[in-house]
1. Filter segment 80-94 down to the residues that are out of contact with any His (no Cβ under 8 Å at 6 or more places or on another chain) and not charged (D, E, K, R) and list them by number.
2. I want to confirm something. Restricting to segment 63-117 and keeping residues that are in a strand (DSSP E or B) and within 13 Å of ligand 2 (Cβ to nearest atom), which single residue is nearest to Ala413 (Cα to Cα)?
3. Do any helices (runs of 4 or more DSSP H) lying entirely in segment 338-431 carry at least 2 residues that are crowded, with 18+ Cβ neighbours inside 10 Å and not aliphatic (A, V, I, L, M), and which ones are they?
4. Which pairs have Cβ atoms under 6 Å, sit 6 or more apart or on different chains, and link a residue in segment 241-263 that is free of Cβ contacts under 8 Å to residues at least 12 places away in the same chain to one that is assigned to a helix (DSSP H, G or I) and surrounded by 18 or more Cβ atoms within 10 Å (Cβ to Cβ)?
5. Being without any contact (Cβ under 8 Å) to a residue 24 or more places away in the chain and either within 16 Å of ligand 1 (Cβ to nearest atom) or closer than 29 Å to Thr322 by Cα (or both) narrows it down to one of Asp69, Asp20, Asp48, Asp104, so name that one.
6. Of the conditions (1) in contact (Cβ under 8 Å) with a residue 60 or more places away in the chain; (2) assigned to a helix (DSSP H, G or I); (3) away from ligand 1 (no atom under 15 Å from the Cβ), Ala144 clears all except one; give me its number.
7. From Phe263, Phe299, grab the single residue that is in a loop (DSSP other than H, G, I, E, B) and within 16 Å of ligand 2 (Cβ to nearest atom).
8. Which of the residues belonging to segment 6-38 are surrounded by fewer than 17 Cβ atoms within 10 Å (Cβ to Cβ), aliphatic (A, V, I, L, M) and either at pLDDT 95 or above or in a helix (DSSP H, G or I) (or both)?
Amino acid sequence: MQLFRASIAHFPTSTATFEDDIAIYKDGGLVVEDKKIVDVGAYDAIRDRYPLATLNDFTGKWILPGLIDSHLHFPQTQSIAHYGEQLLSWLENYTFPTEMQFADPDHADNIAKVFINQLLKNGTTTGFVFTTVHKTSSEALFNAASEIDMAIVAGKVCMDRNCPQTLQDTADTAQADCAELINTWHNNGRNRYALTPRFAPTSSDHQLAALGELATQYNDVFIQTHLSENLDEIAWVKRLFPRAEGYLDVYDNYNLVRERSVFGHGIHLTSQEWARLGETNATVAFCPTSNLFLGSGLFDLTTARAHNVHVALATDVGAGTTFNMFKTYGDAYKVSQLRNAPISPFEGFYLMTQGAAVAHQLDAEIGNLNPGSVADFIVVEPRFDELTALRIKADAAFDDVFFALGILGDDRAIEQTWISGRCCYDKKSLQ
Ligand code: GUN
Ligand code: ZN
């Protein structure tokens, strides 16, 4: 049994009143046994309850739940940061050529390792991940995540039109491959499967129908795709699906809008679409660095909240420009400033921990430090360099610490990343 002493912050429950419901222990204790969290609270009380536990003293640092990145692309690890395009030409010029390389399973294995390392180094302990059209790329990722018992949600990208021939599957092969991947990986260890039609333009009606059948057959799998990211994309969807009432309706017609559906972006939605997302319990992934990078637009968090839509923060690497969720909050804050409705540090923290876990119905396992949850957590040193040591006072309140990390922080603030009760990344061991 191990006892960790540090400043500790987490959201124990689902909440809409962030500053009231966060639990903060300036001198806190976290007890871990095997893979699970056993207890959390004020250090003195915890120490008394577990006198025999081995002490790991991180006084002066913060322990937070492992961070959740609710939408990103593992093959795009190698194509992050390419100049000059918006969504559709960016896909043609950079993304599709990169994803073709994943026909080679060895390449997929190699990039999966780099990808997982990037997550760990940035304190991300769960990702919602698009792989490529190749079944082997999903296998590569699930295998790499399984090695460290990481909770990963991933799926094979499905595309049967409007992309290079070598990246196309068909409705039938997609259905068969996804069924096989679900049977092999879904709920196997900490792996979970997500049906992953890339976006409406690259799937025929026939393919969306086939994936909808799987969604009905396996009703606890995740569904992930893109939605209303870019105006040219939306106009294209209108031409391709003239009978649908709108972009969301294309997915809705095939039973792909429900709880555990995660829609990337959702920047240009109508109020009917917002209402439908709310009533179906679906989630929108807010990807600020990507939305700025591709010039897609400014996400409207206020409207999402008004319609009770679950929102989770995400990097969307490689249109996203960082794997780091603190920096992702920093850009979310800037976007929200441009909309005159600044997103508070408490809310930013919620949307990458418990808020995301609640949205995905995974809060019994991740997103918090509650007894019974899996011991996925990070040790953070906010004062990691000269500037942050100057700006962030040693006794600063959590919201100030988190805000400053959002603006000034990056992977240098992540000291350790623990997954399933095991230290999987230690910054010191790299120095
Ligand atoms: N829409 C369809 N595919 C993609 C992708 O790979 N990245 C982003 N940002 N949007 C998409
Ligand atoms: Zn994406």
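The values are calculated or read from the model by the stated rules, or taken from the named source; none is laboratory data. Being a predicted model, the structure only gives us computed values, none of them experimental. Cβ atoms come from the backbone with ideal geometry, glycine included; neighbour counts cover every protein chain shown.
1. Ile80, Ala81, His82, Tyr83, Gly84, Gln86, Leu87, Leu88, Ser89, Leu91
2. This residue is Asp69.
3. Because the criterion is at least 2 residues that are crowded, with 18+ Cβ neighbours inside 10 Å and not aliphatic (A, V, I, L, M), the helices (runs of 4 or more DSSP H) in segment 338-431 that meet it are 345-351, 354-359, 398-408.
4. As it stands, the answer is Ala244/Val250, since those pairs meet every condition given.
5. On the way: Asp69 fails: without any contact (Cβ under 8 Å) to a residue 24 or more places away in the chain; Asp20 fails: either within 16 Å of ligand 1 (Cβ to nearest atom) or closer than 29 Å to Thr322 by Cα (or both); Asp48 fails: either within 16 Å of ligand 1 (Cβ to nearest atom) or closer than 29 Å to Thr322 by Cα (or both).
Of Asp69, Asp20, Asp48, Asp104, the one residue that is without any contact (Cβ under 8 Å) to a residue 24 or more places away in the chain and either within 16 Å of ligand 1 (Cβ to nearest atom) or closer than 29 Å to Thr322 by Cα (or both) is Asp104.
6. Failing condition for Ala144: (1).
7. Working: Phe263 fails: in a loop (DSSP other than H, G, I, E, B).
Result of the check over Phe263, Phe299: Phe299.
8. If the condition is that a residue be surrounded by fewer than 17 Cβ atoms within 10 Å (Cβ to Cβ), aliphatic (A, V, I, L, M) and either at pLDDT 95 or above or in a helix (DSSP H, G or I) (or both), then Ala23, Ile24 are the ones that fit.
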